[in-house]
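The values are calculated or read from the model by the stated rules, or taken from the named source; none is laboratory data. On a predicted model such as this, the values are computed, not experimentally measured, just so you know. Counting neighbours? That spans all protein chains shown, and the Cβs are built from the backbone with ideal geometry, glycine included. The protein model used for the area step is the full one, side chains on, heavy atoms only, and it has no ligands, DNA or RNA in it. Shrake-Rupley method; radii C 1.70, N 1.55, O 1.52, S 1.80 Å.
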Amino acid sequence: MSQLEPFLAFSAEVTAFPIVELQGTGQAESYLQTVEDIVGTQRLDRLLVLYQSLPLATREDIRQARADRLRRDIFGSDELGPIARNIIKLWYSGTWYELPSAWTEAYGPAPQDVTFVVAPSSYVEGLLWTAIGAHPAGAKAPGYASWQWPPHIPPFAGDPAATPR
Amino acid sequence: MISSIKKTSLAEIKARLEQHPIEAVIVGTGISGAIIANELTKAGKNVLLLEAGPGTNLTLQGYNEFLSNFYGATSKDNQAPYPVNPNASMPRSTNLRKLQPGETDSATYMVQSGPYVTDTNYTRVYGGTTMHWEAKTPRMLPEDFKSQTLFGQGVDWPLGYDDLEEFYQVAEREIGVSADVEDQSYLGVTFPKDYVYPMKGLPLSYLDQQVAKRLDGTEVELYGQRYPLKIRPFPQGRNGIPNDKYDRGQGYVPVGAVSNHQIEIGERCQGNTNCVPICPVQARYHSGKTLAKAFQRATGSIHLLVQAVASRVVIDPVSGRVTALEVKVYKDPKSSEHETVTIAATIFVLASNAIETPRLMLASGLRSSSGLIGRNLMDHSYLLSWATMPEICGTMRGTSVTGGIIDLRGGAFRRHQAAFSVDIHNDGWGWAVGSPYSDLTTLVDQYNLFGPELRRGLINRISSQLLLAFMIEVMPSESNRVTVDPQYTDQLGNMRPVVSFTVPEYTMRGAAYAREFARTVFARVGAADQSRYDPGDYGYVAYNGQGYAIRGGNHLAGTHVMGNDRNRSVVDTNQRSWDHPNLYLVGGGSMPTIGTANVTLTLAALCYRSARSMLDQLQ
Ligand SMILES: Cc1cc2nc3c(=O)[nH]c(=O)nc-3n(C[C@H](O)[C@H](O)[C@H](O)COP(=O)(O)OP(=O)(O)OC[C@H]3O[C@@H](n4cnc5c(N)ncnc54)[C@H](O)[C@@H]3O)c2cc1C
Ligand code: SF4
């Protein structure tokens with residue numbers, strides 16, 4: 001069964017970019033593939049199943065409970081945390097970062113686990129650039145003299161600066 | 001633009017050599033070699049260009065491959081676009097490490113014999129180092145040419161600003177400089193009445209403006225004199241809006257991308273923030289643009305041999321004249337297989353930069369009767385200071401640098417300490433700590449942020465970055481030098497350059513003041529200082545109880561110094577060797593001092609001047 005859907009759902013929540021935008025980068029399949037190739041399908045499955053079992057966030061108090069569970073069960077897991085963090089970094093920069101050596105010692109070996117840029121296009125599609133209202137150095141140039149104006153930082157759901165909690 | 005640049009095969013060159021004697025052999029296709037080639041072909045001379053690199057970027061496809069290499073590279077350092085080539089290697093900053101006293105590190109192509117480890121670099125590909133230069137093009141100040149007389153520091157040039165002024169204009173035309181005379185007339189720099197730059201100045205970035213708003217009009221005091229501060233735009237060798245007043249109203253037509261077939265890109269700078277290491281649209285000047293003109297005009301009298309590494313200069317011991325150049329022509333960068341050919345010509349021009357030119361001379365056993373070949377190596381020392389602005393400034397947009405502070409490029413304080421020019425980096429803390437990637441890993445891995453908190457955290461942290469890069473003057477010192485040593489060779493058996501360098505005390509005094517100055521600027525703009533220098537950094541220099549991470553400036557100079565006295569210089573004011581009358585050593589190596597100007601505009605001006613002398617000699 002394709003893990004694309006839950007992978008995108010998880011990615012959207014942890015990157016704070018909506019699924020359509022993630023799909024718009026054209027990188028979803030290759031990122032999923034990258035993660036599966038490196039840490040194994042089963043381990044990723046476990047992460048995604050855990051993710052799907054989190055309480056749905058409809059009310060503010062449940063939202064908090066969900067974030068706490070996400071933090072405790074996934075990001076706080078010795079085994080799954082580094083993978084979750086790597087998925088965020090993949091989306092933001094197009095780069096797979098080598099997992100911490102403690103992870104490899106406990107759960108390795110993962111022979112393909114080295115720092116690399118998934119593809120030239122994944123660098124260009126990194127979310128980092130969109131998030132800060134810039135563009136990847138060397139691509140998607142914004143146009144002559146655009147740099148003299150203030151940046152357009154796109155608004156996003158849940159922005160703590162917009163909705164102080 | 002259409003052009004007919006093409007490589008010529010070794011077999012063709014050999015066949016031609018028998019029928020048409022070559023008038024000038026030029027080693028290197030960087031800006032120095034390109035200017036000389038273009039000037040000589042204008043006068044109908046028969047020219048052979050030798051390039052150590054493979055020349056794959058002659059085509060747009062090849063150029064774009066460099067770009068794709070860059071996108072796909074994990075380390076986005078200066079040399080990331082350029083494939084490793086053991087037959088024509090180049091220095092690379094990612095492989096450096098700190099040296100213990102007395103230690104030599106030969107793990108990188110440019111052997112570091114210390115004590116200071118420099119991450120300065122250059123590119124050995126078609127187009128030379130202009131393939132990845134940043135293209136700031138300030139002129140030297142008139143006072144820079146007389147630093148011994150005025151400040152008791154360094155040496156005076158055998159030429160003055162007025163001697164070079166007309167050649168500065170020619171170089172500005174060729175490079176296609178965007179700037180406004182009003183902004184560039186300072187500290188004695190003058191322009192002829194009615195002069196305008198080819199293109200209008202590039203506007204200051206929003207970040208520059210946020211700094212200017214709080215800093216402009218303030219002053220600093222140094223040795224009893226006050227210096228007013230102002231953020232100004234730098235002149236840039238990248239396409240902006242042509243100035244229709246140029247050339248007494250004739251205007252200027254920018255040169256776009258060049259290739260060996262017609263293409264339609266590369267007019268105006270689009271703000272790719274990637275001038276270093278490679279401009280995707282060729283808005284920024286590279287010497288392929290100059291060579292394209294030469295090839296277009298003079299098909300038949302200019303030839304290019306790539307994968308051709310000049311390996312020995314052969315001299316007639318009686319007359320001192322160069323009789324030939326020995327060149328190793330390799331088939332494949334991966335293999336050392338090569339053929340050695342001997343090329344004769346009327347004049348020989350070494351334009352292979354201030355490290356490779358002395359390296360070749362020394363490897364040929366030619367030390368110059370002055371003993372100065374390879375000595376007086378200069379390069380600007382950079383000190384970085386970085387901080388967080390009090391608000392979002394849109395960092396990571398625009399050309400690498402649009403504005404900075406030039407008010408301390410000149411002044412009476414130069415009796416005591418080095419001058420500097422300050423860049424405001426539009427690419428944030430990238431140079432200092434690897435932003436924005438390091439910000440991402442810090443916030444995700446260390447701060448444990450995800451979701452909206454992460455996204456907001458990245459915005460706040462990256463978009464408010466301010467980095468000041470101080471480009472500090474370095475005066476000549478004979479012990480700072482390039483040498484060769486038979487125990488260090490490359491895949492073709494050519495001796496590699498060995499660099500010994502100590503950052504002079506005069507420069508360190510400037511660095512210490514630069515650090516103080518940065519604090520003052522941060523205080524005035526309300527920025528939070530984040531700078532720190534790690535004692536384990538390869539460029540760490542201790543001075544007066546403080547430590548500073550000093551970076552190389554990529555502005556190599558001094559190693560075949562020009563002068564009026566053949567016992568105290570290697571070349572004359574035409575960059576012609578005193579010892580070898582048909583040999584020219586051109587480029588930054590000829591510069592006696594470098595002041596606080598990025599060297600390329602000045603070395604280009606010198607090349608235009610020298611081309612006249614070459615033509616006289618070839619009459
Ligand atoms: C990152 C970076 C940023 C820079 N930014 C600026 C800036 O903003 N402003 C500025 O003024 N300057 C800048 N510079 C410096 C500038 O790039 C150089 O001063 C200039 O390009 C030197 O030109 P050149 O032709 O003398 O030498 P190079 O461009 O180095 O050309 C030497 C040529 O010789 C070839 N060659 C070398 N050895 C051999 C051999 N044995 N046989 C055959 N061919 C050989 C090389 O392949 C190359 O083509 C920057 C440099 C770097 C690295
Ligand atoms: S900012 Fe860009 S488009 Fe402009 S010169 Fe630099 S890389 Fe080229």
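Quick notes on this one:
- Only one entry in A:157, A:131, A:119 is at pLDDT 95 or above and away from ligand 2 (no atom under 16 Å from the Cβ), namely A:131.
- Residue within region A:85-92 that is more than 9 Å from every other protein chain (Cβ to nearest Cβ) and over 15 Å from residue B:451 (Cα atoms) present: no
- Complete set of residues in region B:381-393 that are surrounded by fewer than 22 Cβ atoms within 10 Å (Cβ to Cβ) and of a type in the set (A, V, I, L, M, F, W, C): B:389, B:392
- Taking every residue in region B:280-293 that is in contact (Cβ under 8 Å) with a residue 12 or more places away in the chain and within 14 Å of chain A (Cβ to nearest Cβ) and pairing it with any residue that is within 15 Å of ligand 1 (Cβ to nearest atom) and not polar (S, T, N, Q), at least 6 positions away or on another chain, the pairs with Cβ-Cβ distances below 6 Å are B:280/A:138; B:283/B:238; B:283/B:269; B:284/B:135; B:284/B:238; B:284/B:275.
- Filtering region B:585-600 for residues that are open to solvent by 10 Å² or more (accessible area, probe 1.4 Å), within 24 Å of the chain's Cα centre (by Cα) and either more than 14 Å from every other protein chain (Cβ to nearest Cβ) or within 16 Å of ligand 1 (Cβ to nearest atom) (or both) leaves a non-empty set.
- Residue ranges of helices (runs of 4 or more DSSP H) in region A:1-78 with at least 2 members of a type in the set (A, V, I, L, M, F, W, C) and in contact (Cβ under 8 Å) with a residue 60 or more places away in the chain: A:4-15, A:28-39
- Looking across region B:264-290 at every residue that is modelled with pLDDT under 70 and closer than 25 Å to residue B:124 by Cβ, the one that is surrounded by the fewest Cβ atoms within 10 Å (Cβ to Cβ) is identified as B:276.
- For the residues B:396, B:378, the requirement of being of a type in the set (A, V, I, L, M, F, W, C), buried (at least 24 other Cβ atoms within 10 Å of the Cβ) and facing another protein chain (nearest Cβ under 10 Å) singles out B:396.
- Residue in region B:46-66 that is open to solvent by 10 Å² or more (accessible area, probe 1.4 Å) and closer than 16 Å to residue B:346 by Cβ present: yes
- Whichever residue in region A:110-128 is more than 17 Å from residue A:32 (Cβ to Cβ) and open to solvent by 10 Å² or more (accessible area, probe 1.4 Å) and, among such residues, is farthest from the other protein chains (Cβ to nearest Cβ): A:111
- You will find that of B:80, B:52, the residue that is within 14 Å of chain A (Cβ to nearest Cβ), assigned to a loop (DSSP other than H, G, I, E, B) and touching a residue at least 12 places away in the same chain (Cβ under 8 Å) is B:80 and no other.
- Some residue of region B:532-540 being in a strand (DSSP E or B), among the basic types (Lys, Arg) and either in contact (Cβ under 8 Å) with a residue 60 or more places away in the chain or open to solvent by 20 Å² or more (accessible area, probe 1.4 Å) (or both): no
- The condition of being more than 30 Å from residue B:238 (Cβ to Cβ), facing chain B (nearest Cβ under 9 Å) and without any contact (Cβ under 8 Å) to a residue 24 or more places away in the chain holds for only one of A:141, A:162, A:157, A:134, that being A:162.
- No other residue among B:564, B:554 is surrounded by fewer than 21 Cβ atoms within 10 Å (Cβ to Cβ) and either in a loop (DSSP other than H, G, I, E, B) or away from ligand 2 (no atom under 16 Å from the Cβ) (or both) apart from B:564.
- Elements of type strands (runs of 3 or more DSSP E) contained in region B:152-246, each with 1 or more residues being within 16 Å of ligand 2 (Cβ to nearest atom) and under 21 Å from residue B:133 (Cα atoms): B:231-233
- Enumeration of residues in region B:479-504 that are under 15 Å from residue B:379 (Cβ atoms), assigned to a loop (DSSP other than H, G, I, E, B) and among the aromatic types (Phe, Trp, Tyr): none
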